[in-house]
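The values are calculated or read from the model by the stated rules, or taken from the named source; none is laboratory data. In this text the structure is predicted, and so the values were computed from the model without any measurement. Methodologically, a virtual Cβ is constructed for each residue, glycine included, from the backbone with ideal geometry; neighbour enumeration extends over all protein chains shown.
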Amino acid sequence: MTPIRAIGRPALAATRAIGAVALFALRGLAGLGPGSGAAIARQLVQIGWLSLPVVGLTALFTGAALALQIHSGGARFQASDVVPAIVAIGMVRELGPVLGGLMVAARVASAIAAEIGTMRVTEQIDALVTLSADPMRWLVTPRLWAGMLCVPVLVAVGDIIGIMGGWLVGTTSLGFNSASYIANSWAYLEAWDVTSGLIKGAVFGLVVTLSGCWFGMRAGRGAAGVGRAVTNAVVAAAVGILAANFVLTGLFFE
Amino acid sequence: MITLRGLTKSFGDKPVLDGIDLSVAQGESLCVIGQSGTGKSVLLRCILGLAAPDAGQVLWQGAPLDRRRFMAQFGMLFQGAALFDSLTVWQNVAFRLRQRMDDRRARAIALDKLARVGLGPEVADLMPAELSGGMAKRVGLARAIADDPAVIFFDEPTTGLDPIRARAIDALIRGIVTETGATAITITHDMDSCRIIGDRVALLAQGRIAHDGPVRDMDRAPALAAFLGRVPLHGGPDAAS
Ligand SMILES: Nc1ncnc2c1ncn2[C@@H]1O[C@H](COP(=O)(O)OP(=O)(O)OP(=O)(O)O)[C@@H](O)[C@H]1O
Ligand SMILES: [Mg+2]
């Protein structure tokens, strides 16, 4: 009995937790109403616009490093001219969404958890309830939608900058001709490569904002409670992105 | 009319409320006193459902309290003010009003409520982080009364205020209850506040209501005398020996 129980208990707890998070997400997404538009717009600035620099820099260096790696790796079987195509496909399908998502996780999941967590421990969320305002609608709904809407855009920007990073390295130090580098990038890229990456971005945006909201709303007492909420939110967002990426990649490309 | 029956709440294995029976009539002002950490704030949270009681009932107008309907005509001053720190002072005060009227009218009402708690129009556009503790408390009070609620809870409305300001706030709360016929529960440590604000006073000790009676009999109640650390003025009915 005991070994079965030892497996059963955590499994049940995990199932319950997943169910609770899913319900939370559905309730959050369903909270759209009058005034949501303006609230989402404010969050788009916080989550999207202000993340542009970090996502752009990450993509630039990643694309550049990727070009160097593929050039030297490809040289082993006389295939260094695949650099443009592989940089483009690698950025758009995998690295753009995943690294962009992870950078947003670091910036945004923490900020959301800290803000909502502080509101929790200073009773601002209770105050919302006493003022007949639903905290889910006020705090969670705009963040979830903003995350889902703007991370794909960040991913698209990251894709372009990443490919530019590869192009910079390719043309300045790997001896590629600029026009043929660009032509080669396009030639092997399919629409689905791009679309799948953008869909990943939307899912990652939801994962990031959801974990920030979830842990923020559940922050324990005091500054320590907020600190724990922030840590948990970032860790959960990062692991959630990588796990979701694995599942989505399997779904999209197998 | 709010009635509590056998309200019980513990955190971990630490009992905080241990079977509270208490009721407040329509238009009545009840003061709840008790030592720090005896669970006064927890009591208010349990009534509102912000903390889930372990056992017991909260009735409002004879039926289990329906949170949505109750909150629609309710106002609360939190012990820590709980102002929304992303909104300005007037937006905090007018929070509920802005759901159903334009900003100009809501702001005018907010300025009026701020004036009633002794704050001038110059604070209206400040952020909560720019206020002193006592100012934040008064903004919280203005927010609680902004929409003329029928039921109001005040968690230590005068803590952190100077004595003159404190008496003015006491008079304001008493005035609101008398004028609007609101039902009020006020938590306080200040016996002078109690005398001004309250019709009735209840003492919370060891998780139970140790005393519950009219404010005018306050000085004769042995349980209150013990709480205040002095002997009763005149022997109360149950202090014969
Ligand atoms: N969320 C919580 N988790 C654990 N313990 C709690 C929680 N909330 C309150 N307590 C405990 O319950 C007890 C009562 O707290 P409460 O805030 O109601 O006291 P109080 O009577 O309002 O005191 P004060 O006059 O100082 O405000 C305290 O001992 C506190 O430690
Ligand atoms: Mg308290």
Find the residue count for the range B:35-57, including only residues that are away from ligand 2 (no atom under 16 Å from the Cβ) and touching a strand residue (DSSP E or B) at 6+ places or on another chain (Cβ under 6 Å).
5
What pairs come up if the first residue lies in the range B:188-208 and is within 14 Å of chain A (Cβ to nearest Cβ) and more than 24 Å from B:Pro15 (Cβ to Cβ), the second is among the charged types (D, E, K, R) and away from ligand 2 (no atom under 16 Å from the Cβ), and their beta carbons are under 9 Å apart, counting only those six or more places apart or on different chains?
none
With the condition kept exactly as written, say whether any residue in the range B:19-38 is of a type in the set (A, V, I, L, M) and within 14 Å of another protein chain (Cβ to nearest Cβ).
no
Checklist (1) more than 13 Å from the chain's Cα centre (by Cα); (2) within 14 Å of chain A (Cβ to nearest Cβ); (3) away from ligand 1 (no atom under 16 Å from the Cβ) applied to B:Asp212, failing item
(2)
Those helices (runs of 4 or more DSSP H) completely within the range A:164-254 that have 3 or more residues that are touching a residue at least 24 places away in the same chain (Cβ under 8 Å) and among the charged types (D, E, K, R) are none
Kindly indicate the residue of the range A:68-114 that is free of Cβ contacts under 8 Å to residues at least 60 places away in the same chain and in contact with a Leu (Cβ under 8 Å, 6 or more places away or on another chain) and also farthest from A:Tyr188 (Cα to Cα) among those meeting that condition.
A:Arg107
Among the numbered criteria (1) away from chain A (no Cβ under 14 Å); (2) within 16 Å of ligand 2 (Cβ to nearest atom); (3) out of contact with any strand residue (DSSP E or B) (no Cβ under 7 Å at 6 or more places or on another chain), which single criterion is violated by B:Pro157?
(3)
Among the numbered conditions (1) within 14 Å of another protein chain (Cβ to nearest Cβ); (2) out of contact with any strand residue (DSSP E or B) (no Cβ under 8 Å at 6 or more places or on another chain); (3) of a type in the set (Gly, Ala, Ser), tell me where A:Gly158 comes up short.
(1)
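Listed here are the residues, each with its yes/no results for (1) within 12 Å of the chain's Cα centre (by Cα); (2) closer than 27 Å to A:Gly31 by Cα; (3) within 16 Å of ligand 1 (Cβ to nearest atom).
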residue: A:Pro152; (1), (2), (3): yes, yes, no
residue: A:Val157; (1), (2), (3): no, no, no
residue: A:Gly162; (1), (2), (3): no, no, no
residue: A:Thr172; (1), (2), (3): no, no, no
residue: A:Phe176; (1), (2), (3): no, no, no
residue: A:Cys213; (1), (2), (3): no, yes, no
residue: A:Gly227; (1), (2), (3): no, no, no
residue: A:Leu248; (1), (2), (3): no, yes, no
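What's the total number of residues in the range B:133-145 that are in contact (Cβ under 8 Å) with a residue 60 or more places away in the chain and surrounded by 23 or more Cβ atoms within 10 Å (Cβ to Cβ)?
Initial filter on the range B:133-145 (in contact (Cβ under 8 Å) with a residue 60 or more places away in the chain): B:137, B:140-141, B:143-145.
Checking the rest, the ones that are also surrounded by 23 or more Cβ atoms within 10 Å (Cβ to Cβ) come to B:137, B:140-141, B:143-144.
So the answer is 5.
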Quickly run through the range B:60-96 and pick out the residues that are closer than 24 Å to B:Val177 by Cβ, more than 10 Å from every other protein chain (Cβ to nearest Cβ) and at pLDDT 95 or above.
B:Val93, B:Ala94
Specify which of the listed residues (B:Ala82, B:Ala106) is within 16 Å of ligand 2 (Cβ to nearest atom), aliphatic (A, V, I, L, M), over 23 Å from B:Ala202 (Cβ atoms) and in contact with a helix residue (DSSP H, G or I) (Cβ under 9 Å, 6 or more places away or on another chain).
B:Ala82
With respect to B:Phe95, determine if the residue is surrounded by 22 or more Cβ atoms within 10 Å (Cβ to Cβ), within 16 Å of ligand 1 (Cβ to nearest atom) and of a type in the set (A, V, I, L, M, F, W, C).
no
Return the residues of the range B:162-205 that are within 16 Å of ligand 2 (Cβ to nearest atom) and out of contact with any Pro (no Cβ under 9 Å at 6 or more places or on another chain); say none if nothing qualifies.
B:Ile185, B:His189, B:Asp190, B:Cys194, B:Ala202, B:Leu203, B:Leu204, B:Ala205
Output the number of residues of the range B:8-27 satisfying the condition of being in contact with a helix residue (DSSP H, G or I) (Cβ under 8 Å, 6 or more places away or on another chain) and more than 16 Å from ligand 2 (Cβ to nearest atom).
1
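For every residue, the table says whether it meets (1) surrounded by fewer than 22 Cβ atoms within 10 Å (Cβ to Cβ); (2) touching a Leu at 6+ places or on another chain (Cβ under 8 Å); (3) within 20 Å of A:Ala106 (Cα to Cα).
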{"site": "A:Ala156", "(1), (2), (3)": "yes, yes, yes"}
{"site": "A:Gly165", "(1), (2), (3)": "no, yes, no"}
{"site": "A:Gly197", "(1), (2), (3)": "no, no, yes"}
{"site": "A:Lys200", "(1), (2), (3)": "no, yes, yes"}
{"site": "A:Gly205", "(1), (2), (3)": "no, yes, yes"}
{"site": "A:Ala224", "(1), (2), (3)": "yes, no, yes"}
{"site": "A:Gly227", "(1), (2), (3)": "yes, no, yes"}
{"site": "A:Val239", "(1), (2), (3)": "yes, no, yes"}
